[in-house]
């Protein structure tokens with residue numbers, strides 16, 4: 001399943017949809033093949049169409065044993081294949097149009113409807129395999145509950161053995177465990193008495209109650225009260241160990257808990273760093289909060305006090321949830337107090353557990369405070385239907401924190417060593433299944449790759465004006481294409497998007513640099529430039545640009561080089577496309593007239609198509625993969641040091657040419673000074689038209705002086721290093 005999911009994500013990222021015809025039946029045998037063939041006709045996203053159960057569902061309870069077993073195998077094949085079809089390309093996930101609606105998949109909708117019908121009617125031993133698959137393999141809680149319902153309706157030694165196995169292994173689903181306890185008592189399964197007694201100490205109140213009732217029915221003289229001083233459950237200990245490993249910052253034993261009076265929530269945490277001007281507090285949101293020493297004062301605090309405060313807030317939430325007359329605004333305020341941005345971020349987080357509860361419980365456990373750790377986590381487990389939800393929530397909470405940090409350090413700070421450290425941390429096995437783990441692995445590989453194209457930097461405006469004189473048009477495109485990965489554009493509106501041709505200045509090396517996309521756009525690219533642009537259409541490197549839905553939403557969209565190139569291709573094609581065809585036809589200038597207008601791909605990007613079954617962009621990428629890589633200038637040309645080197649070379653040759661006392665030297669010096677300073681003030685900003693004209697004029701002056709310098713050096717070479725002799729002096 002994990003491999004299939006990763007394949008799907010890779011297909012979506014690459015813009016190459018997985019081929020449905022490459023999928024194979026999951027279940028071997030004729031029933032597996034039959035389910036594989038029939039399911040595409042059974043899938044539908046239209047919930048208004050009544051669900052029609054397959055006839056095999058009625059045959060499960062048939063008196064004919066062979067017919068009943070065949071029907072059970074077919075139902076099991078439908079469950080297994082529909083689960084695989086969620087990720088193998090045979091069905092598509094579609095976002096729902098309303099706020100917070102999430103997404104849906106026809107295969108999951110079908111399996112849910114089938115599980116509902118299965119739970120209401122199946123009671124034959126032939127249905128046991130399908131019921132156990134829902135209990136042990138399905139991750140949808142309603143489907144799991146339907147499987148448990150079927151297991152309760154099946155009688156026989158095989159069903160009894162399955163119930164005893166659930167009790168012994170303590171299934172993570174609360175509904176399944178309660179069902180097993182009730183059935184063990186009803187069927188008087190004395191073999192499971194020890195497992196029932198052990199569950200009387202469960203951290204779930206519903207499970208404890210069911211276990212106490214079952215123990216009395218199995219002959220126990222009295223119930224055992226919950227012992228809060230007993231060691232933690234192995235499952236909780238495992239969760240706390242994984243959470244400790246998921247935290248990047250480990251708290252030293254000598255660290256102290258500090259707080260500021262003005263910020264009761266975000267202004268408290270572990271004092272982990274201290275500078276001359278600031279303190280660094282690691283808050284229970286797993287983020288570093290820097291406190292100015294000259295504006296605020298720290299006060300010593302106690303982790304146990306923080307735990308008590310969080311326990312009180314969770315108790316209030318539980319009371320409001322159990323009360324039918326609870327005020328919705330009061331409920332939102334209580335939930336928001338456990339989220340970083342109140343209900344703005346809390347609306348996208350699970351309500352059964354919060355990040356402060358996870359971090360504080362882990363820190364209490366690390367310091368031996370088992371009582372507060374238990375009191376923090378027990379209500380969370382009670383509020384969730386499945387133990388696995390707690391682990392997934394802890395993984396996603398911390399994963400989102402570090403993912404946002406990774407994006408900020410990579411795009412905004414350009415702190416690549418720190419970015420690599422965060423990416424490698426997110427790549428650890430404890431984050432397996434996290435939504436953005438594959439992105440972290442890709443980014444780590446990109447930052448550790450050592451090749452000629454990875455060590456590049458952006459030139460400043462004056463350096464780029466010099467390079468434009470030295471490079472052909474094709475070489476300029478290649479030069480800028482290698483630097484598209486350094487494109488850094490910030491999103492200015494929420495919701496909104498980024499614009500690659502943004503003219504706002506930005507700096508990567510201490511001075512303001514060019515925007516490579518804007519420079520390519522200013523070149524008025526045409527179809528003749530495809531050859532130079534082609535290799536970058538297959539470049540999957542991340543750029544320094546990201547976008548997001550809302551700042552308080554956990555999702556972030558890190559842009560890639562091929563997305564930028566696709567935008568350039570769309571600009572060349574026009575809207576609608578003026579010329580479409582294969583890449584070779586475009587290069588040869590024989591592309592036909594447009595057959596279709598621009599379309600949108602699965603990621604919302606535009607592309608122009610050559611025929612209904614394919615698009616030019618995909619052919620462009622495939623063709624680009626076969627192109628040889630192109631080297632380029634040494635990296636010293638791309639740094640501000642080039643200005644100083646150019647000036648020193650100019651000064652040396654002017655002196656040797658005997659021109660050191662001429663005004664030209666002073667003019668060239670002034671040129672370099674203006675060229676170095678002008679981009680600091682007016683690199684691209686269109687709002688200051690006068691200054692923008694000055695900047696453009698400076699670039700033109702730069703070109704003129706460079707050509708004058710070339711002419712002077714050429715004349716000096718042709719005339720020789722010494723001036724011609726004027727002959728002997730004569731007496732007057």
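Any read-out appearing in this document is the output of simple, stated calculations on the displayed coordinates, not a laboratory observation. What you see is a predicted model, and the numbers here were worked out from it, not measured in a lab. Quick reminder, even Gly has a Cβ in these numbers, built from the backbone with ideal geometry, and neighbours come from all protein chains shown.
Quick notes on this one:
- Using a cutoff of 8 angstrom between alpha carbon atoms and counting only pairs six or more residues apart, the relative contact order for region 354-493 works out to 15 percent.
- Mean Cβ count within 10 Å, highest first, over the residues of peptides 159-169, 397-407: 397-407, 159-169
- Packing order of peptides 368-377, 146-155, 247-256, 313-322, highest average first: 146-155, 368-377, 313-322, 247-256 (average count of other Cβ atoms within 10 Å over each peptide's residues).
- Each peptide in 533-541, 123-131, 430-438 was scored by the mean count of other Cβ atoms within 10 Å over its residues; highest first, the order is 123-131, 533-541, 430-438.
- Separation of region 400-437 and region 167-242, taken as the distance between their Cα centroids, equals 40 angstrom.
- Taken as Cα centroids, region 288-354 and region 521-553 sit 42 Å apart, rounded to the nearest whole angstrom.
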